[in-house]
Every structure is written in structure tokens, then in C-alpha cells.
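Let me begin by presenting the structure, written as C-alpha cells, before commenting on it.
The values are calculated or read from the model by the stated rules, or taken from the named source; none is laboratory data. Keep in mind it's a predicted model, so treat the numbers as computed, not measured. Because the Cβ atoms are built from the backbone with ideal geometry, glycine has one as well, and the counts that use them run over all protein chains shown. Just the protein is used for accessible areas: all its heavy atoms, side chains included, with ligands, DNA and RNA removed. Shrake-Rupley method; radii C 1.70, N 1.55, O 1.52, S 1.80 Å.
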Amino acid sequence: MSIEVSTSILSADFGKIAEALQLCARSGVDRIHVDVMDGHFVPNITIGPVVTEAVRRHTRLPVAAHLMIEHPWDYIDAFAEAGADIIVVHAECYGERRAACRAYGQYPKEIDMLDAHRALADIRRIKARGRKAGFTLNPGTPVECLLPVLGEVDHVLVMSVNPGFSGQKFMPSALEKIAWLRARGFEKDIAVDGGINAGTAPEVVKAGANVLVTASYFFSSQDPAGVVRGLKSLAG
Ligand code: DX5
Ligand code: ZN
């Protein structure tokens with residue numbers, strides 16, 4: 001299976017976003033990852049449809065919008081119109097939150113069971129807009145929650161850090177989740193997001209992931225093309 005590298009512009013210089021996107025293309029990156037945060041689902045605020053639309057204008061690479069927001073259903077159309085090719089929603093928006101994270105400001109958000117009906121409605125809505133539907137889950141949410149949607153999603157994104165910030169340490173619990181998905185026969189994209197670097201990438205690829213998302217490892221490197229080459233060389 002070949003490996004695709006998806007760079008998260010969260011670690012790019014937002015004053016020079018077009019140049020950052022050119023650097024990605026020149027370095028052999030396969031996809032652009034846009035981290036959308038609302039200050040409610042996660043304790044940080046980043047990018048919305050307006051910037052996503054600007055990203056779209058400055059790259060030919062596929063753009064994935066990772067929606068770390070409450071009520072993603074209110075924004076699916078906006079991100080489709082902004083030109084996102086893949087729209088990724090969080091499992092934790094489609095189920096009853098654990099008591100420890102129900103209140104405002106209690107993070108990370110986690111669930112134990114998915115409301116499959118609501119989740120599938122949004123997955124179908126993304127696909128009806130001609131976009132690929134991605135589904136993701138926080139490190140504390142069990143991977144079994146995804147069972148009801150696996151037949152319909154185009155893309156699973158396994159979070160290997162609690163969402164909110166780039167530059168965090170990789171959480172190894174992601175490895176079991178990836179292996180579980182492959183063992184269930186899930187053959188589409190499995191992306192991993194958070195703490196990817198030369199040390200952690202071989203393990204996630206061995207577990208079965210084929211899309212590696214990176215922000216800080218790529219954008220802080222003196223040799224970004226070398227980073228991409230190194231990650232892609234992990235293909236089995
Ligand atoms: C975390 C974001 C990630 C993050 C990855 O909330 O979803 O995409 O930017 O950053 P690194 O690669 O630095 O861990
Ligand atoms: Zn992300």
C-alpha cells in the first residue's frame with residue numbers, strides 16, 4: 001500500500017499561506033489538511049471556511065477539512081462550497097458525551113456510543129455534495145463506536161493526540177485502533193493525526209495506516225522534501 005502525506009497548515013506561517021502551499025507541492029506532499037477549531041469542541045480557535053477557500057485557490061492538491069467544531073452539520077455546506085475535497089467530522093458530535101467532559105471547558109470530548117442515525121445522515125450529506133466523507137475519533141473514544149459507519153465512510157482519521165494543538169506527543173493507543181480497523185476489513189484510507197515524526201511513523205504504517213498527517217514535523221524541518229520522501233518510503 002502506498003503512503004500519502006497530508007500536511008496540516010496549522011504549523012505554517014499564516015502570513016505566507018500561499019508560499020507554504022507551494023512548499024507542500026514542491027516537497028511532494030499529497031494532500032493539504034486544514035484544522036478547523038471553534039474554541040468549544042477544542043480549547044483553541046483556528047480556521048474557518050473563508051481561509052479554507054483561500055487555501056483552495058492556492059493549491060491543486062486535495063484539501064481535507066478536519067472539523068473540530070460543535071454542530072459540524074451546520075457547516076458541511078460551507079466547507080463543501082469553500083472547496084474542501086474531504087470533510088472530516090468527529091464521532092464525539094454524534095453521541096452522548098461522558099460526564100467528565102460534558103460541561104463547557106472540559107476536554108477532551110469523549111463518547112462511548114455513536115448515534116448511528118445522525119452520523120450516517122451527515123456522512124450521506126457530505127457525499128451528496130460530491131465530497132469524500134471522513135470520520136474521526138478522539139484518543140479516549142473507543143474505536144468500536146465506528147462500526148455502524150464503516151460501510152459508508154471514505155476515510156477514517158485516527159487521532160493520536162487530543163485535538164487542539166500541533167506539536168503534541170503521539171499517543172500509542174492509536175496503533176491498536178488502526179490495527180482493529182484493518183482486522184475488520186476496512187480497506188479505505190486510514191489517516192493518523194498527531195505527533196507523526198520519523199520515530200512514530202514506522203509504527204503507524206506497520207499497524208495499517210496509509211495517510212500520515214503532519215504539521216510540526218514537516219513545517220519545522222530544514223528539509224521538508226526529505227521529510228516527505230522519508231515518510232513515503234515506509235510503504236510496504
Ligand atoms: C490537532 C490537529 C493536528 C495537528 C497535528 O488538533 O488535528 O492535525 O495539527 O500537529 P503535529 O503533526 O504537530 O502533531
Ligand atoms: Zn487535524
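With both labels modelled 7 Å from their Cα along Cα-to-Cβ, the A78 to S221 distance reads 3.3 nm. Just the Cα atoms of the stretch 157-216, one point each, no solvent: what log10 I(q)/I(0) does Debye give at q = 0.21, 0.22, 0.28 Å⁻¹? Relative scattering, expressed as log10 I(q)/I(0), comes to -0.71, -0.77, -1.20.
The stretch 9-83 and the stretch 171-236 have their alpha-carbon centroids 20 Å apart.
Of all DSSP bridge pairs formed entirely within the chain, close to 5 percent run antiparallel. Here the extension length gained between E96 and H71 equals 7.7 nm, from 0.36 nm per residue of separation less the Cα-Cα distance.
Label-to-label distance for V50 and S233 is 4.3 nm, based on points extended 7 Å past Cα in the beta-carbon direction.
Distant-in-sequence amide contacts of F186, defined by a placed amide H-H separation under 5 Å and a gap of 5 or more residues or a different chain, comprise nothing. Close Lys pairs in the chain (alpha-carbon distance under 29 Å; sequence gap of 8 or more, or different chains): 27.
Here the dipole of the chain is about 400 debye; that uses its Cα centre as origin and unit charges on the Cβ of Lys and Arg (positive) and Asp and Glu (negative).
I'd like to compare 137-145, 73-81: which one has the highest average count of other Cβ atoms within 10 Å, and what's the full order after that? Mind showing how you got there, number by number?
Values: 137-145: 19.4, 73-81: 17.1.
Highest mean packing first, the order is 137-145, 73-81.
With the largest listed first and rounded to whole Å, the semi-axes of the equivalent ellipsoid of the stretch 1-62 from the Cα gyration tensor are 21, 14, 10.
Can you tell me, using C-alpha contacts under 8 Å and at least 6 residues apart, the relative contact order of the chain as a whole percent?
Values: 483 pairs, mean separation 49.9, N = 236.
Taking the mean separation of contacting Cα pairs over the length of the chain, I get 21 percent.
Of the accessible area of the chain, computed with a 1.4 Å probe over protein heavy atoms only, carbon and sulfur atoms account for 53 percent. With the gyration tensor restricted to C-alpha atoms of the chain, the semi-axes of the equivalent ellipsoid amount to 25, 21, 17 Å, longest first.
Can you tell me the order of 94-105, 148-159, 163-174 when each peptide is scored by its average per-residue count of other Cβ atoms within 10 angstrom, highest first? It would help to have the intermediate numbers written out before the result.
Details: 94-105: 12.9, 148-159: 20.2, 163-174: 17.7.
For the peptides 94-105, 148-159, 163-174, the packing ranking is 148-159, 163-174, 94-105.
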